[in-house]
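K.L.:
Have a look at this one.
The values are calculated or read from the model by the stated rules, or taken from the named source; none is laboratory data. Computed from a predicted structure; not experimentally measured. Every residue, glycine as well, gets a Cβ built from its backbone with ideal geometry; the counts of neighbours run over all protein chains shown.
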Amino acid sequence: MKTEIIQSLTRSFEDHAQQTETGVEYWLARDLQHLLGYGEWRNFNTAISKAKTACEGSGHPAADHFVGVNKMVDLGSGSQRQIDDLMLTRYACYLIAQNGDPRKQEIAFAQTYFAIQTRRAELIEQRLLEAERINARKKLGATEKELSTVIFEQTGGNQNFAVIRSKGDHALFGKTTQAMKAQWQVPDSRPLADFAPTIILKAKDFAAEITVFNAREHGMKTESAISREHVTNNQAVRNTLLERGIRPESLPPAEDVKKVERRLASEEKRSLKNPDTLLPEE
């Protein structure tokens, strides 16, 4: 997500924030509907219902975070009519975003925006980039698992999967997996991918996806055939990167993805542990 888009979304969300007389920040659901990219209220209301259930499940009364209100809206005829709306705390907005359509870039932004207390766009951007890398690592893991399954289904064994993956690494980096581990100072017990930057994770995933597709499409029945396919795909991806001025073996390592994942989970848990409520405690 580009910086200018993040800054624009940040301004939009902040411009629609309101405050109660006691200083608690809230958003109106009808405003949030459009901020999150929903054209129809009934679709957005589905996410709200799921969010209320999640709120109760986390031990926070939904009534403290989803407060019903009415407001008048102008009609084309010049008259007005009353519609239902909701006052939503930051926590309620976060839960709605968590239960929204993940294909919408507004949802991806809001999940981070409402999870943290700061309003600094650059921190939001950093969190989004870290979350993107975590998701890319998970996606690569899922694709490699699928590749292992394809090898087993079509050849009757997958004991050489690690060898095929290493050959793919050699084709992508121009160096062996072990050489890249030494260069990036990756512990022997850890996968190289856990220290790869996002672009490399996506490059490896793309090459593996092509291998899976072609292995099935062309009915490859031997591990050597699948291995050749995987090498060819990684070489093609490498060539594309080189054409764009990106040399995979020259990129610096990224932070251990496991540490990043633990840090984000800890920060999110800390910021959401005691959310503000719209109703005063009795």
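K.L.:
Can you name the number of the only condition in (1) assigned to a loop (DSSP other than H, G, I, E, B); (2) surrounded by 14 or more Cβ atoms within 10 Å (Cβ to Cβ); (3) out of contact with any Lys or Arg (no Cβ under 8 Å at 6 or more places or on another chain) that Glu21 fails?
P.N.:
(2)
K.L.:
Could you figure out which of (1) farther than 21 Å from Phe109 by Cα; (2) among the charged types (D, E, K, R); (3) at pLDDT 90 or above isn't true of Asp84?
P.N.:
For Asp84, the exception is condition (3).
K.L.:
Show the residue pairs that are 6+ apart or on different chains and have beta-carbon atoms under 6 Å apart, the first residue being within the range 74-90 and assigned by TED's automatic domain parsing to the domain that holds Ala17 and assigned to a strand (DSSP E or B), the second being modelled with pLDDT of 75 or more and of a type in the set (A, V, I, L, M).
P.N.:
Listed pairs, sorted by first residue: Asp85/Leu28; Asp85/Ala29; Asp85/Val69; Leu86/Ala29; Met87/Val67; Met87/Val69; Leu88/Ala29.
K.L.:
Which residue out of Ala208, Ala110, Ala136, Ala115 is surrounded by 21 or more Cβ atoms within 10 Å (Cβ to Cβ), closer than 30 Å to Leu88 by Cβ, touching a residue at least 24 places away in the same chain (Cβ under 8 Å) and in contact with a Ser or Thr (Cβ under 8 Å, 6 or more places away or on another chain)?
P.N.:
Details: Ala208 fails: closer than 30 Å to Leu88 by Cβ; Ala110 fails: in contact with a Ser or Thr (Cβ under 8 Å, 6 or more places away or on another chain); Ala136 fails: closer than 30 Å to Leu88 by Cβ.
Result of the check over Ala208, Ala110, Ala136, Ala115: Ala115.
K.L.:
Same structure, new question: What residue, of Ala131, Ala115, is out of contact with any Gly (no Cβ under 6 Å at 6 or more places or on another chain), among the aliphatic types (A, V, I, L, M), closer than 25 Å to Ile48 by Cβ and outside any helix (DSSP H, G or I)?
P.N.:
One residue alone meets the criteria, Ala115.
K.L.:
Something else now. So, Gly168, is that one within 28 Å of the chain's Cα centre (by Cα) and crowded, with 17+ Cβ neighbours inside 10 Å or not?
P.N.:
Criteria met by Gly168.
K.L.:
Could we say that Thr232 is in contact with an Asp or Glu (Cβ under 6 Å, 6 or more places away or on another chain) and of a type in the set (S, T, N, Q) here?
P.N.:
no
K.L.:
Could you check, for the range 259-273, whether at least one of its residues is at pLDDT below 95 and not in a helix (DSSP H, G or I)?
P.N.:
Yes: the range 259-273 contains one or more residues that are at pLDDT below 95 and not in a helix (DSSP H, G or I).
K.L.:
Looking only at residues that are of a type in the set (A, V, I, L, M) and over 17 Å from Ile107 (Cβ atoms) in the range 1-59, which one is farthest from the chain's Cα centre (by Cα)?
P.N.:
Val24
K.L.:
Among the residues that make up the range 158-165, is at least one of them within 30 Å of Glu261 (Cα to Cα), in a loop (DSSP other than H, G, I, E, B) and in contact with a Phe, Trp or Tyr (Cβ under 7 Å, 6 or more places away or on another chain)?
P.N.:
yes
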